[in-house]
Amino acid sequence: MATGIPPTGTRALDGIRVLDMTHVQSGPSATQLLAWLGADVVKLEAPTGDITRKQLRDLPDVDSLYFTMLNCNKRSITLNTKTGRGKEILAELIRRSDVMVENFGPGAVDRMGFTWDRIREINPRIVYASIKGFGEGPYTAFKAYEVVAQAMGGSMATTGFEDGPPLATGAQIGDSGTGVHAVAAILAALLQRERTGRGQRVNVAMQHAVLNLCRVKLRDQQRLAHGPLAEYPGEDFGDEVPRSGNASGGGQPGWAVKCAPGGPNDYVYVIVQPVGWRPLSELIGRPELADDPGWATPEARLPKLDAMFRLIEEWTSTLSKRQVLEELNAHDIPCGPILSTKEIIEDASLVANEMVVTVPHPERGEFVTVGSPLKLSDSPVDITASPLLGEHNEEIYVGELGLDDEELHLLKSDGVI
């Protein structure tokens, strides 16, 4: 981690206040990125807290890793927005914010009395961002979860092996993937505000974000009209893109091949470029294939990708994945070992790049989390612990909104905070 909090004004979003009314993952992942970019993110929670504080706990009565890993670098306040005084305070928070982000069910914020018209009346410069499961249409009211978004965005239908069921990907493309899309839209809206002086409404749907990440599969859906997809492992094609197993599905064929000693993650993903075939054929002990007309060109190899990767696997299965990695990289052959979560969390290079970071926490001691993938030379990131529930109530309500200590006490006793 970087040492010390950077001086005020040195981070990209210094001076930007974000009212974070999000929960679970899609919204918090977005607002955490904004916090890492330097925004002052105020997480507004019901007095009972974000539900993920208690979900999947590994320690009793301590905020879960689910919560802590999605809410670093934020401040937390509690507010019951169903009360009259709570609505008044929310209006004042909106007035003081540059960005408001929420991922409640459709219409929930409107039912609080805060429609877009009301919000921009309170603060014409605010960027109001909503993350929903779906856009307008027959799916609007559907409940959205990570794998539901994967199912309806094109990911599951194209993930897995041809003779198996559709599979979810371990990457949280529905939740955190949508969060990244939301950040892009929020930043664009803030930039446009510099020219227009006006805020605007931002809407990002999880299904839409997953679809954007699956665009190459829509490319292949259209290519099917002109014949089979030679880059895919199957031979029989219907009228929709099949599941492609570990095939890259792109211009350069790739596959995950087994390595010694044969554990669940003892694999290396190998991509066979035209220029790499000769050194690869030598490495696997079949140098004659470099000049064999049946193997020498990409066009000749394309119909026999299964056989090609079986030949490669006969060689890789005798070596560890680290040995295979060294041999292939020595000849500039694109490859990557399948890294388990244990290997990733212990990877020295990821630690050195501040992508795996250890963060002190006031209740759990320390936890390991993912660092910021956004590396800006003039906007350093220091990862700080997620806030305790309502940790910053006094700091914000008294120190910034100007409430007195007596009212703060009354707000607590009346269940407003």
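Counting residues in segment 58-74 that are within 24 Å of Val357 (Cβ to Cβ) and free of Cβ contacts under 8 Å to residues at least 12 places away in the same chain gives one or more.
Taking Glu231, is it of a type in the set (Asp, Glu), within 27 Å of His331 (Cα to Cα) and assigned to a helix (DSSP H, G or I)? For Glu231, the condition - of a type in the set (Asp, Glu), within 27 Å of His331 (Cα to Cα) and assigned to a helix (DSSP H, G or I) - is not met.
Set side by side, the residues Asp405, Asp382 differ, and just one is open to solvent by 20 Å² or more (accessible area, probe 1.4 Å), touching a helix residue (DSSP H, G or I) at 6+ places or on another chain (Cβ under 8 Å), of a type in the set (D, E, K, R) and over 20 Å from Arg95 (Cα atoms), which is Asp405. Of all residues in segment 131-151, those being among the β-branched types (Val, Ile, Thr), open to solvent by less than 40 Å² (accessible area, probe 1.4 Å) and not in a loop (DSSP other than H, G, I, E, B) number 1. Taking every residue in segment 377-398 that is in contact (Cβ under 8 Å) with a residue 40 or more places away in the chain and pairing it with any residue that is of a type in the set (Asp, Glu) and open to solvent by 20 Å² or more (accessible area, probe 1.4 Å), at least 6 positions away or on another chain, the pairs with Cβ-Cβ distances below 9 Å are Ser379/Asp14; Val381/Glu354; Ile383/Glu354; Leu388/Glu363; Tyr397/Glu407.
Taken together, the criteria exclude Glu363 from residues that are among the acidic types (Asp, Glu), open to solvent by 40 Å² or more (accessible area, probe 1.4 Å), touching a residue at least 24 places away in the same chain (Cβ under 8 Å) and touching a Lys or Arg at 6+ places or on another chain (Cβ under 8 Å).
Go through (1) buried (at least 20 other Cβ atoms within 10 Å of the Cβ); (2) over 27 Å from Arg322 (Cβ atoms); (3) at pLDDT 95 or above one by one and return the number of the condition Val268 breaks. Answer for Val268: the failing condition is (2).
Just to check your reading of the model, which residue among Gly154, Gly170 is touching a residue at least 12 places away in the same chain (Cβ under 8 Å), small (Gly, Ala, Ser) and either open to solvent by 20 Å² or more (accessible area, probe 1.4 Å) or closer than 18 Å to Leu70 by Cβ (or both)?
Working: Gly170 fails: touching a residue at least 12 places away in the same chain (Cβ under 8 Å).
Sole residue among the options that is touching a residue at least 12 places away in the same chain (Cβ under 8 Å), small (Gly, Ala, Ser) and either open to solvent by 20 Å² or more (accessible area, probe 1.4 Å) or closer than 18 Å to Leu70 by Cβ (or both): Gly154.
What do you reckon, is Glu354 in contact (Cβ under 8 Å) with a residue 60 or more places away in the chain, within 29 Å of the chain's Cα centre (by Cα) and in a helix (DSSP H, G or I)? No: the conditions fail for Glu354.
For segment 207-217, check the following and say yes or no: at least one residue is in a loop (DSSP other than H, G, I, E, B) and open to solvent by less than 50 Å² (accessible area, probe 1.4 Å). It would help to see each step written out before you state the result.
Step one: list which residues in segment 207-217 are in a loop (DSSP other than H, G, I, E, B), which gives 214.
Going one step further and asking which of them are open to solvent by less than 50 Å² (accessible area, probe 1.4 Å), we end up with 214.
Yes, segment 207-217 contains a residue that is in a loop (DSSP other than H, G, I, E, B) and open to solvent by less than 50 Å² (accessible area, probe 1.4 Å).
State whether one or more residues within segment 280-289 are touching a residue at least 24 places away in the same chain (Cβ under 8 Å), exposed (fewer than 15 other Cβ atoms within 10 Å of the Cβ) and either farther than 30 Å from Asp382 by Cβ or touching a Phe, Trp or Tyr at 6+ places or on another chain (Cβ under 8 Å) (or both). Checking segment 280-289: at least one residue is touching a residue at least 24 places away in the same chain (Cβ under 8 Å), exposed (fewer than 15 other Cβ atoms within 10 Å of the Cβ) and either farther than 30 Å from Asp382 by Cβ or touching a Phe, Trp or Tyr at 6+ places or on another chain (Cβ under 8 Å) (or both).
So is Ser317 loosely packed, with under 15 Cβ neighbours inside 10 Å, touching a residue at least 12 places away in the same chain (Cβ under 8 Å) and small (Gly, Ala, Ser) or not?
Numbers: loosely packed, with under 15 Cβ neighbours inside 10 Å: no; touching a residue at least 12 places away in the same chain (Cβ under 8 Å): yes; small (Gly, Ala, Ser): yes.
In short, no.
Is it the case, given these coordinates, that Pro242 is in a loop (DSSP other than H, G, I, E, B) and buried (at least 16 other Cβ atoms within 10 Å of the Cβ)? So Pro242 fits the description; yes. Within segment 95-116, residues that are free of Cβ contacts under 8 Å to residues at least 40 places away in the same chain have Cβ atoms under 6 Å from residues that are among the β-branched types (Val, Ile, Thr) in these pairs: Arg95/Ile122; Pro106/Thr140; Met112/Thr81, counting only partners at least 6 apart in sequence or on another chain.
Residues of segment 389-399 that are part of a loop (DSSP other than H, G, I, E, B) and surrounded by fewer than 15 Cβ atoms within 10 Å (Cβ to Cβ): Gly399 alone. Restricted to segment 32-112, the set of helices (runs of 4 or more DSSP H) holding at least 1 residues that are of a type in the set (Lys, Arg) and under 27 Å from Lys143 (Cα atoms) comprises 84-95, 108-111.
Filter segment 174-198 down to the residues that are out of contact with any Asp or Glu (no Cβ under 8 Å at 6 or more places or on another chain) and in a loop (DSSP other than H, G, I, E, B) and list them by number. Steps first, answer last, please.
So in segment 174-198, the residues out of contact with any Asp or Glu (no Cβ under 8 Å at 6 or more places or on another chain) come out as 176-189, 191-198.
Result: Gly197, Arg198.
Scanning segment 18-49 for residues that are in contact (Cβ under 8 Å) with a residue 40 or more places away in the chain and charged (D, E, K, R), which turns out surrounded by the fewest Cβ atoms within 10 Å (Cβ to Cβ)? Ranking the qualifying residues of segment 18-49, first place goes to Glu45.
The values are calculated or read from the model by the stated rules, or taken from the named source; none is laboratory data. These figures come from a predicted structure and were not determined experimentally. Cβ atoms come from the backbone with ideal geometry, glycine included; neighbour counts cover every protein chain shown. Accessible surface areas use protein heavy atoms only, side chains included; no ligands, DNA or RNA. Shrake-Rupley method; radii C 1.70, N 1.55, O 1.52, S 1.80 Å.
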